[in-house]
Structures are given as C-alpha cells and as structure tokens.
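Take a look at the following structure, please.
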Amino acid sequence: MLFKVGVAMQEWRVIEDGPQDGESNMAIDRAILASCASGETLPTLRLYSWEQPTLTVGYAQDFAKEIDVNRCQKLGIQIVRRPTGGRALLHNHEVTYSFTAPIPHSKFPSSLLGAYKVVARALLEGLKEIGVCGADLALGGKSNRGRHSFHSPSCLSSINHLEIEVQGAKLVGSAQRRTKRAFLQHGSVLLDCDRALLNSLFKYATDDDRSKSMNILNNKVITLSECLGESVTRKEVFLALKKGFSRVLQGNWVAGHLNSFELIRCAPNAYSVEIITA
C-alpha cells in the first residue's frame, strides 16, 4: 500500500520496541528508511533499547584505528556500524529514538539541518514533558573542546550544531542519513552513563589524550538522572517522547509494527550490517 503525504490529516506511525541486539536495531532502522523511501509506510518514530551494551561506529569511522576491539570482545560489547555518520557511541543506559520520513515532506524543510531542527524541537518538547529544565539546541559548529589538542573517537566528546545540551553539557546526540527519497535521524537520550567504561573502549595516542577525553566526559556530558536528580525508566521516556513528537508534528499518531516490506528487509542476511570483530 502506497502512502500519499499531505492528504487530509497527516498520519504518523510510532513503534515501541523491546531490547534487541545491535545488528537487529540497525537493520530495522535501515528497513524503515527503505520503506519510507518506497512509499510503503507512514513517517515513523521508533523508540527502542539494547539487550546488551553495544558500541555503534559511524559509517565512515576507522574502527581499527580508534576502537579497542579486543577489550570490547572481552567485556561482551558488540560493535556494529551505523548507517549514519559521526563517531562511536556506547548504547547501554539509554533510550534510542529513530525518526524516518519521506523526502519531500510538507512538515520538513528540504535541507539536512532544516529537518534536523524539526526533530530536535520534538525532542525538546519530550524532555520538557519529563521535567528537564534548561535543555536547548546547541548553536554554531562543532564544539572546539579538544579540537586543537586531539581527536576523540567518542561521539560524546563534542556537541554538534542543533544537538541538545543542558547548561553546555551534551544530553542527546543525533545523526542523520538522507537518501533521495527519505531521511533517517536517530540518536541517544542518556539515562545514565558509565563514563569510565566508555573511555576505556577507545584507542588514544597518549595517556594525556585519554585523560583529556575522560575530563570531557566528566564535565561536558549530562544524563537524564543527573538532570532530574532521580532515575527515570525507559517507559517514562518513551511516553514523554511520544508526547513531544505529537505536539510538534500534529496529526493522527498510530501505534504500529513493522510491515511485511520491512520484515523482509531486516531479516537475517537481508541487510549487510557490519559486525566488527578482532
């Protein structure tokens, strides 16, 4: 069934997934992107988590140079490559969102940053719903923290334009992938963060660089539990994000599941999701 955008009340699909492995999570996001591009489904918000700590690396990141693969294997941390760019991110205590829509779409500007800003506004509304105060969009280019001294392989080491920060500390990191007919944006809302574990998974040229990276994680990264002064459940975050997206992207939000088009494309071996081993 082909969906036409902009006819009558706009419809949106929301999928709430249980924890899955890294390969499955990335394959599902790719499948939804293909489905939207082919007109087989509604624009989709997917909320999900991870069944084990998983390190995702950007599609162009040099993992052999920047990731300590042997340590990840010893700790049982799976490494998979994302369809989006950017640097490595450990998915552990978090809620991950992905939002996919066709191009063009009446609710989104045609540019990457234009679409990014609309999604970011929805995220901000969701964070307000759960009680986060002072969250805002980072402005300007990449943060210059560490830019002149060293390059960190960690996604959390800098705040990019239109990512979400609280008092200068990164709370939500996101990345976007665009094709001719659709875009996918996904990112992580940190519930908690094991900073020492994260920092130990990367290779650094010097001990001083490792120390600088740890200092950034300690001082320029913030979690939901730290913002709120108490722990929060994934279910609560799911509900808040759904309210935030429905507030910014008004219309008929339909709870759904993967369709047959998507199930075929995220079946084992249907997509080449790179799983990294030593």
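First measure r as the distance between the Cβ atoms of A169 and E230, then evaluate 1/(1 + (r/R0)^6) with R0 = 30 Å and state the FRET efficiency to the nearest 0.05.
0.95
Where a Cα-Cα gap under 20 Å defines reach, which lysines qualify for K235, not counting those fewer than 8 residues away within the same chain?
Reachable lysines: K128, K243.
If exposed means no more than 16 neighbouring beta carbons inside 10 Å and the site is in a DSSP loop, what's the longest run of the chain without any exposed chymotrypsin sites (Phe, Trp or Tyr not before Pro)?
151-278
Related question: Pairs of alpha-carbon atoms within less than 8 angstrom and 6+ residues apart define the contacts here; what relative contact order does region 123-245 have, in percent?
This gives 33 percent for region 123-245.
Which number comes out as Rg/Rh for region 93-240 once both Rg and the Kirkwood Rh are worked out on C-alpha atoms?
0.98
Continuing with this model, one more query. With θ set to phi - 60°, apply the Karplus curve 6.51 cos²θ - 1.76 cosθ + 1.60 along region 169-175 and write out the HN-Hα couplings as whole Hz, x wherever there is a Gly or Pro.
Here the 3J(HN,Hα) series is 10, 6, 10, 10, x, 9, 8 Hz.
Here is a further query. How big is the equivalent ellipsoid of the chain along its three axes, where each semi-axis is √(5λ) from the Cα gyration tensor, reported in whole Å from largest to smallest? Display every interim value, and only then the final one.
Working: eigenvalues 175, 95, 57 Å².
Sorted largest first and rounded, they come to 30, 22, 17 Å.
Same structure again: Show me the GluC sites (Glu not before Pro) within region 175-255 that DSSP assigns to loop and that have at most 15 other Cβ atoms within 10 Å of their Cβ.
Numbers: sites: E226, E230, E236; in loops: E230.
Here the GluC sites (Glu not before Pro) that fit, given the DSSP loop and packing criteria, are E230.
Between M9 and D208, how many nm apart are label points set 7 Å from Cα along the C-beta direction?
The modelled label-to-label distance comes out at 6.2 nm.
Computing the accessible area with a 1.4 Å probe over protein heavy atoms, can you report the carbon and sulfur percentage for the chain?
Result for the chain: 50 percent of the exposed heavy-atom area is carbon or sulfur.
Short version: ³J(HN,Hα) in whole Hz for each residue of region 224-237, in order, from phi by Karplus 6.51 cos²θ - 1.76 cosθ + 1.60 (θ = phi - 60°), x for Gly and Pro, what are they?
Per residue, the Karplus-derived 3J(HN,Hα) values read 4, 5, 6, 5, 8, x, 7, 6, 9, 8, 4, 4, 5, 5 Hz.
Looking at the chain, which longest stretch skips every one of the trypsin sites (Lys or Arg not before Pro) that is in a DSSP loop with at most 10 other Cβ atoms within 10 Å, leaving the sites themselves out? Let's see the in-between values first.
Details: sites that count: K4, K180.
Excluding the exposed sites themselves, the longest stretch runs over 5-179.
Which whole-number value in Å² is the accessible area per residue of the chain, probe 1.4 Å?
Computed with neighbouring chains in place, this is 45 Å² per residue.
Also, I was wondering about something else. Under the rule of at least 5 residues apart or a separate chain, name every residue whose amide H is placed under 5 Å from the amide H of Y59.
HN-HN under 5 Å from Y59: R82, T84, G85, G86.
Ok, one more. What are the residues whose amide H is under 5 Å from the amide H of I79, where those residues sit 5 or more places off or on another chain and H is modelled from the backbone?
Under 5 Å from the amide H of I79: L55, I276.
Mind giving me the nanometre distance, one decimal, between the label points for L139 and I264, set 7 Å out from Cα along Cα→Cβ?
4.9
Here's a follow-up. Which whole-Hz ³J(HN,Hα) couplings does region 99-112 yield from phi under the Karplus relation 6.51 cos²θ - 1.76 cosθ + 1.60, θ = phi - 60°, glycine and proline marked x?
Per-residue couplings from phi come out as 10, 10, 8, x, 10, x, 8, 5, 8, 10, x, 6, 8, 4 Hz.
The values are calculated or read from the model by the stated rules, or taken from the named source; none is laboratory data. Just so it is clear, the structure is predicted and the values come from calculations on it, not from any experiment. For neighbour counting, all protein chains shown are included, and Cβ atoms are generated from backbone atoms with ideal geometry for every residue, glycine included. These area figures cover heavy atoms from the full protein model, side chains too; ligands, DNA and RNA do not enter into them. Shrake-Rupley method; radii C 1.70, N 1.55, O 1.52, S 1.80 Å.
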